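What follows is a single structure, written as C-alpha cells, with notes after it.
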Amino acid sequence: MGPRKNPGSAFGASADGRGYRADPLFETLTPGPKVDLDMSEQRVETDDVEHVAGLARVDLDEGDAERFVDQFADILEAFDALEDVPDVDRDVELTNVMRPDEERASLSQDDALANAPDSEDGYFKGPNVS
Amino acid sequence: MARDAFITEAEIAGNESGPLADATVAVKDNISTQGVPTTCGSAMLEEYVPPYDATVVEHLLDAGATIVGKTNMDEFGMGTTTETSAFGPTENPAAPGHVPGGSSGGSAAAVADGEADLALGSDTGGSVRCPAAFCGVVGIKPTYGLVSRYGLVSYANSLEQIGPIAPTVEEAAELLDVIAGPDPNDATTRDEGADSEYAAAADGDVDGLEIGIPTELLDGAHEGVVETFWDAIDELEAQGASTHEVSLPSLEHAVEAYYVIAMSEASSNLARFDGVRYGQGGGFDGNWNETFARARRDGFGDEVVRRILLGTYALSAGYHEKYYDQAQAARAWVKQDFDEALDDADVLASPTMPIPPFELGESLDDPMTMYLADANTTPVNLADLPAISVPAGETDGLPVGLQLVGPAFGEETIVRAGSALA
C-alpha cells in the first residue's frame, strides 16, 4: 500500500478504511502539505494543542497549552489501543422518524432573546463577522 | 450538610395528586426548568434561565412531585467526581472527605442525605450509576430511547439517558415509571416505556435468575470492592440465583471507545455556546471568531476545554479514521459481546465502580485516572443497554455498588434482580 492521498476533508476515507495501519504518515489537521506527524507517537507539541484550539474556537489562556500537552499525550496513547479492535458486522437497525411538516407553536421572540447577552430590534446582536 | 448538593434551591410545586404527590425531587442542573436557572455546573451558563421545561420535568410535575432544587454536577456532565463544577465540589454524605461520584454527584448526595426523596440524574458513561454507588443509593441508567432527552442539555447525545436516583430500587422504579415513554419532541424515544409498571417488578424474586459475571470487569478492581461484590453475589445465590463467569474481550477497549465518541460528540454539541444567543458573551472586541473563542475560554473550565479539543482532534482530517471510526467499530463489538452474553444470562453483574470513592481533590489533576474509573459503566452506554446500581455493602467504611446490566428494554429484569438487595 502506498502513501495515502491527502483527503483534504474529514470525509476522505482510504479505500480499505484502515490505511493508517500500514502507513505511518498522517495529514496535518487542515488541508495542506502532508507532514510526518503523529501526536501520539511523537508526543504532542504545544503547537499542536494551539492548532486544535484554533479549530475548536477556544482562545487558550497563557499556560494552557503547556498544561494540556502532557495530558493529551497520555490520553492519545490510551486511545491508540483502538487499533486492535477487529471489524465486526454492524447490523444497525435505524429508521428515520418523520412527522408531518405542519405549522405549530414555537418560542416567542421575547423568550428566545431573553438569555442573549445583547440584542437589538428583536434580533440577536453579535460581533462583526470579519 | 448536603447544602452543597444544590446549585439552586427552589420550590416548584406539581399537581396536587399523582403518584409522586408526597415526594420531593432534586433535578440535575443540566435538565431544563422553566424560569429556574439551569447552569450545567458551568460559568458559561451561570445566568441561563430556560424558557421551557424538559419533558421529564413536565412528567414530574404532572405526577405531583415537588422539585426542591437543581443539583451540582461536573461541568456539562464531564467528570466522575462532581469536582469539575464551576460552583465548587459536593461532599459525599455517606463518606465524608470523599467525592460523591459524578457527574450527577449533587443528585445522589441530596438523596443520600435526605435533602430530597428522589432525584434525576443523567448518565452518559456512568453519571447516574457512579454517584449512586459512591453515595450508597440506587441509580438506574435506562435503555437508550426509553426516556425523553428533550430539555436535557446535550453532552454526548448518542450515549446519554436521564435516569432516577432513590434510596430503594422500588422508589427508583416508581420514578422511572413517571419519566419513561415516547415523546414527539425527541425522535430517539421508543414506545416501550409507554405503560410501564417497573415498580411492580420490584418483588425481590431472584429464584432461577441466571447471572453472568464478565471477568474483564473484575480484573484490576480494588480488592475490597471485589470482596464486597462477591458477598453481594453470595446473597443473590442464597436467594435462588445462579451465576457463571463469562469473558467479553471487547470490554478492554470500551473506555477508550467511550471517550473518543463522547469527546467527539461534545466538540460538536458544545459548539452552540458562542456567547451570542445565551451564555457568557465575549464582548465585541475583535471579529466573530475572536469574540467567540474568548467567550468559550472564559466560560468553560479545563475539563470541558480538554474534551472539546480532543474531540475536535479525533474528528479532524487524517485522524478520524484512526480514532472516531475505530471507536465506532469498538462500539459495535461491545454491543455484539453484550448481546451474546445476554443470550446465556438474564443479567450481567459487576462492581459499579472498580474503586471506592476518591478523596476530595485526589483525581483532579490526572484526567486519565478519572477516565479509567469509568471502565465498568461506559460499556453499557456504548451498548445502549439498561443497568442499575444497588448498594452492595462497604469496604473500609466506603460504599460499594453492584451493577446489573439487562437486555434492551429489560428494565423489569434489572429492577427485579436489584430489589433482592435494596
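Nothing in this text is a laboratory measurement; each read-out follows from the coordinates by a stated rule. Computed from a predicted model, the values in this text were never measured in an experiment. Counting neighbours? That spans all protein chains shown, and the Cβs are built from the backbone with ideal geometry, glycine included.
The table below lists the values:
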{"item": "DSSP bridge pairs, the protein assembly as shown: antiparallel proportion in percent, nearest 5", "result": "65"}
{"item": "Rg followed by Dmax, in Å, when region B:122-232 is reduced to its Cα trace", "result": "15.7, 47"}
{"item": "Once the Cα gyration tensor of the protein assembly as shown is diagonalised, semi-axes √(5λ) in Å", "result": "35, 30, 22"}
{"item": "Rg to Rh, two decimals, where chain B supplies the alpha carbon set and Rh follows Kirkwood", "result": "0.95"}
{"item": "Among B:Trp230, B:Trp333, B:Trp288: highest mean-square fluctuation, GNM of chain B, C-alpha pairs under 10 Å", "result": "B:Trp288"}
{"item": "Rounded to 5, the percent of DSSP beta bridges in chain B classed as antiparallel", "result": "65"}
{"item": "Spatially close lysines, pair count over chain B: Cα under 27 Å, gap of eight or more or interchain", "result": "5"}
{"item": "Most fluctuating residue given options B:Ala375, B:Ala54, B:Ala332, as computed from a GNM of chain B linking Cα atoms under 10 Å", "result": "B:Ala332"}
{"item": "Residue among B:Asn15, B:Ala54, B:Ser122 farthest towards the positive dipole end of chain B, charges placed on Cβ", "result": "B:Ala54"}
{"item": "Expected 222 nm ellipticity per residue - DSSP helices of 4 or more, -39500 (n - 2.57), all of chain B, to 500", "result": "-9000 deg cm²/dmol"}
{"item": "All-pairs Cα distance distribution in region B:182-242, expressed in whole percent, bin size 10 Å", "result": "18, 28, 26, 24, 5"}
{"item": "Dipole magnitude of the protein assembly as shown, debye to nearest 20 (Cβ charges: Lys/Arg +1, Asp/Glu -1, about Cα centre)", "result": "1560"}
{"item": "Modelled FRET efficiency - R0 22 Å, A:Thr95 with B:Ser268, Cβ distances, 0.05 increments", "result": "0.45"}
{"item": "At R0 = 35 Å, FRET efficiency that the Cβ-Cβ distance of B:Leu372 and B:Phe284 yields, to 0.05", "result": "0.25"}
{"item": "Selected from B:Glu256, B:Glu245, B:Glu91 as most flexible by GNM, with chain B as the system and alpha-carbon contacts under 10 Å", "result": "B:Glu245"}
{"item": "Summed side-chain charge close to A:Leu107 - residues other than A:Leu107 whose Cβ falls under 15 Å, Lys, Arg +1, Asp, Glu -1", "result": "-2"}
{"item": "Residue (of B:Pro367, B:Asn269, B:Gly145) at the positive-pole extreme of the protein assembly as shown, dipole from beta-carbon charges", "result": "B:Asn269"}
{"item": "Per-pair calculated FRET efficiency, R0 = 25 Å: B:Arg277 and A:Glu50 via Cβ, rounded to 0.05", "result": "0.40"}
